[in-house]
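Participant: Got a structure for you, written out below as structure tokens; questions coming shortly.
The values are calculated or read from the model by the stated rules, or taken from the named source; none is laboratory data. The shown structure was predicted, so the numbers you read here are calculated from the model rather than taken from an experiment. Glycine gets a Cβ as well: all are built from the backbone with ideal geometry, and neighbour counts include every protein chain shown. In case anyone asks, the SASA skips ligands and DNA or RNA and just uses the protein heavy atoms, side chains included. Shrake-Rupley method; radii C 1.70, N 1.55, O 1.52, S 1.80 Å.
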Amino acid sequence: EQITAKINCTLVSMAAGVSLCGLSALFGSVPTIRIMPNTPILVGMGVAVYAKNGSVTDTDVSNFLTAMSNAGIVEEIKEDLIDAETAVAGCGPAFVYMFAAALADGGVKAGLSPDAAIKYAAATIKGAGEMLLRDSRTPDELCRAVCSPGGSTIEGVNSLRNDGFEKIVQDAVVASFEKTKKLGK
């Protein structure tokens, strides 16, 4: 005689590109939360978005949010937006680290020690990110606020724009988004 037991649990999946429907095909009607966190959750300053299937209760969500309380930003979004969030917040830390390395390398070329340049780049990125979260101005408005006509900052901003900085970053996000969509097929 086969003995079956109902296990009271909530499945939390971080499998990139694997939908709630796909998880349901594998695990049945188990309460399932699909989550896509980024690595900065390890220091409590990350982003983790989630979507849930119809079997998830308010208690399941409450328990999940309690477990994620030290992660940073944790938000429910429509499942069809998870791949877009992955391209921005999931892949974004790698893009930011590349920017930080380039910013620090520029500082070294200008005379800073490597350690000082990394520290200043990291603190600048952290502070600018916090301003984006706290200030009601757009990124473009904040950028303009730093620039003085004919000043040093606008010279560097113009150099970035002339070299296609915005397009390069946008293309990286779109490439990551397209790859994530393919992972789910």
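Participant: Amide H to amide H under 5 Å from E76: which residues, 5+ apart in sequence or cross-chain, H placed 1.01 Å off N in plane?
Facilitator: Amide H neighbours of E76: Y50.
Participant: Could you list, in their original order, any pairs among K119/K181; K78/K182; K78/K179 whose Cα atoms are separated by more than 28 Å? Write out the running numbers ahead of the final one.
Facilitator: Working: K119/K181 36 Å; K78/K182 19 Å; K78/K179 19 Å.
Checking Cα-Cα distances, K119/K181 exceed 28 Å.
Participant: Moving on. For the Cα atoms of the chain, what angle does the longest principal axis make with the long axis of helix 114-134, in degrees from 0 to 90, nearest 10?
Facilitator: The answer is roughly 60 degrees.
Participant: Here is a follow-up. Which GluC sites (Glu not before Pro) in region 19-85 pass both tests, a DSSP loop state and at most 13 other beta-carbon atoms within 10 Å? Intermediate results must be reported in sequence, preceding the final value.
Facilitator: Working: sites: E75, E76, E79, E85; in loops: none.
For GluC sites (Glu not before Pro) across region 19-85 that sit outside H, G, I, E and B with at most 13 neighbouring Cβ atoms in 10 Å, the list is empty.
Participant: Return one whole number: the accessible area per residue of the chain in Å², for a 1.4 Å probe.
Facilitator: Values: 12540 Å² over 185 residues.
About 68 Å² of surface per residue is accessible.
Participant: For the chain, calculate the relative contact order in percent as a whole number, restricting contacts to Cα pairs under 8 Å that are 6 or more residues apart.
Facilitator: Numbers: 190 pairs, mean separation 38.1, N = 185.
Dividing the mean separation by the residue count of the chain yields 21 percent.
Participant: On to the next question. Counting only protein heavy atoms and a 1.4 Å probe, tell me what percentage of the chain's accessible area is made up of carbon and sulfur. Kindly include the intermediate steps, with their values, before the conclusion.
Facilitator: Values: 7530 of 12540 Å².
Exposed carbon and sulfur together represent 60 percent of the surface.
Participant: For the chain, give me the percentage of DSSP beta bridges that are antiparallel, rounded to the nearest 5 percent.
Facilitator: Numbers: 5 of 13 bridges.
That works out to approximately 40 percent antiparallel.
Participant: Could you please state, rounded to a whole Å, how far the C-alpha centre of region 44-67 is from the C-alpha centre of region 141-185?
Facilitator: If we compute the Cα centre of each part, the gap is 32 Å.
Participant: Determine Rg/Rh for the chain; Rg is computed over alpha-carbon atoms and Rh is the Kirkwood hydrodynamic estimate from the same atoms.
Facilitator: Working: Rg = 21.0 Å, Rh = 19.3 Å.
Rounded to two decimals, Rg/Rh equals 1.09.
Participant: Given a Förster radius of 30 Å and the C-beta distance between D115 and C21 as r, what FRET efficiency does 1/(1 + (r/R0)^6) yield to the nearest 0.05? Display every interim value, and only then the final one.
Facilitator: Numbers: r = 49 Å, r/R0 = 1.63.
Efficiency, from the Cβ-Cβ distance: 0.05.
Participant: Going by amide H atoms built from the backbone, whose H comes under 5 Å of the H on V56, apart from near neighbours?
Facilitator: Those lying under 5 Å, H to H, from V56 are T32.
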